[in-house]
Amino acid sequence: MRKALIVDDHPFIRASVRTLLAQELQYQVIESGNSTEAVRLYRDERPDLVILDLSMPGLDGFDVLRRMRESTSPGKIIVLTSMPPGYYSMRSMKAGATAFVSKSDALDQLRKAIAAVQSGYTYFPDCTDVSLGRADSDSAEAALISSLTDREILVLVNLAKGLCNQDIAHTMLLSHKTVSTYKMRMMRKLRLNSVMEMTDLARRHELI
């Protein structure tokens, strides 16, 4: 029987995906709500399919993706996340994902993604340039956001959600000093002067 690993810290999401995989698609399902454990399970259990959320406590989703890809397991990885596809779909592809599905989409989109990767295809329907079709000012801001590293953009999202440096450090397994360094670096890259301005930017571009 084919084996699938669901990685998400929300029990309701895991239950919904488990129902689809186990009852409808006949997968043996393994679950994890912890990113570090998920990497170990991927290496030990060698699942055929992984459904991965990017936003979880511990290792960030892009680190999880890369660590899974560094192993010898051949499993296909579908990112299923609430993060906006305009900024995360392409990043997920570059980090090694086989497909990207937004949690705001109907469950049928996940079915389509699974069918695609089972047939040897990738599935990135929302993988477009975030600057296309935007006003000049929005396009310039989008380009600045795109210049951030994967880790920086996740720190930005957490700051915009109202988390303090200490909470971000705990959530992302970083030191307080490292978070402060990321924050100052992002301000320079984004040409902003405060966390409030970064929060406004994140909201305008639907990062939160």
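Quick test for you: out of Ile51, Ile13, pick the one residue that is of a type in the set (A, V, I, L, M, F, W, C) and modelled with pLDDT of 95 or more. Working first, answer last.
Details: Ile13 fails: modelled with pLDDT of 95 or more.
Result of the check over Ile51, Ile13: Ile51.
Report, by residue number, each residue of the range 136-150 that is over 12 Å from His205 (Cβ atoms) and either of a type in the set (A, V, I, L, M) or at pLDDT 80 or above (or both). Working first, answer last.
Of the residues in the range 136-150, the ones over 12 Å from His205 (Cβ atoms) are 136, 147, 149-150.
Correct list: Ser147, Thr149, Asp150.
Identify the residue in the range 97-127 that is small (Gly, Ala, Ser) and crowded, with 16+ Cβ neighbours inside 10 Å and, among all such residues, is farthest from Leu49 (Cα to Cα). Walk me through how you get there before you give the answer.
Initially, the range 97-127 is screened for residues small (Gly, Ala, Ser), giving 97, 99, 102, 104, 106, 113, 115-116, 119-120.
Those still in the list that are crowded, with 16+ Cβ neighbours inside 10 Å too: 97, 99, 102, 113, 116.
On the way: Ala97: 11, Ala99: 11, Ser102: 17, Ala113: 11, Ala116: 12 Å.
Selected residue: Ser102.
Looking at Met93, is it in a loop (DSSP other than H, G, I, E, B) and either in contact with an Asp or Glu (Cβ under 7 Å, 6 or more places away or on another chain) or closer than 28 Å to Glu141 by Cβ (or both)? Explain how you work it out, then say what you get.
Values: in a loop (DSSP other than H, G, I, E, B): no; either in contact with an Asp or Glu (Cβ under 7 Å, 6 or more places away or on another chain) or closer than 28 Å to Glu141 by Cβ (or both): yes.
Against the criterion (in a loop (DSSP other than H, G, I, E, B) and either in contact with an Asp or Glu (Cβ under 7 Å, 6 or more places away or on another chain) or closer than 28 Å to Glu141 by Cβ (or both)), Met93 does not qualify.
Look at Gly86 and say whether it is in the same structural domain as Tyr42 (by TED's automatic domain parsing), more than 27 Å from Ala142 (Cα to Cα) and not charged (D, E, K, R).
No; evaluated as a whole, the condition is false for this residue.
Results for (1) part of a loop (DSSP other than H, G, I, E, B); (2) over 14 Å from Val117 (Cβ atoms); (3) assigned by TED's automatic domain parsing to the domain that holds Asp108; (4) of a type in the set (A, V, I, L, M, F, W, C), shown as yes or no for each residue.
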site	(1), (2), (3), (4)
Arg14	no, yes, yes, no
Val17	no, yes, yes, yes
Gln26	yes, yes, yes, no
Val29	no, yes, yes, yes
Thr36	no, yes, yes, no
Ile51	no, no, yes, yes
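Would you be able to say whether some residue in the range 96-111 is closer than 15 Å to Asp150 by Cα, among the small types (Gly, Ala, Ser), in a loop (DSSP other than H, G, I, E, B) and not assigned by TED's automatic domain parsing to the domain that holds Asp150?
We begin by selecting, within the range 96-111, every residue closer than 15 Å to Asp150 by Cα; these are 96-97.
Retained after the next criterion (residues that are among the small types (Gly, Ala, Ser)): 96-97.
Subsequent filtering for residues that are in a loop (DSSP other than H, G, I, E, B) retains 96-97.
Those still in the list that are not assigned by TED's automatic domain parsing to the domain that holds Asp150 too: 96-97.
Yes, the range 96-111 contains at least one residue that is closer than 15 Å to Asp150 by Cα, among the small types (Gly, Ala, Ser), in a loop (DSSP other than H, G, I, E, B) and not assigned by TED's automatic domain parsing to the domain that holds Asp150.
Residues of the range 57-79 being more than 23 Å from Glu152 (Cβ to Cβ) and not polar (S, T, N, Q), which ones? So that I can check it myself, show each step before the final result.
Within the range 57-79, the subset more than 23 Å from Glu152 (Cβ to Cβ) is 71-76, 78.
The answer is Pro74, Gly75, Lys76, Ile78.
Which ones in the range 55-85 are touching a residue at least 40 places away in the same chain (Cβ under 8 Å) and closer than 20 Å to Leu21 by Cα?
Gly75, Lys76, Ile78, Leu80
Looking at (1) surrounded by fewer than 18 Cβ atoms within 10 Å (Cβ to Cβ); (2) outside any helix (DSSP H, G or I), which one does Arg66 not meet, given that it meets all the others?
The one condition Arg66 does not meet is (2).
The values are calculated or read from the model by the stated rules, or taken from the named source; none is laboratory data. Just so you know, these numbers come straight off a predicted model, no measurement behind them. Positions of Cβ are backbone-derived with ideal geometry, glycine not excepted, and every protein chain shown enters the neighbour counts.
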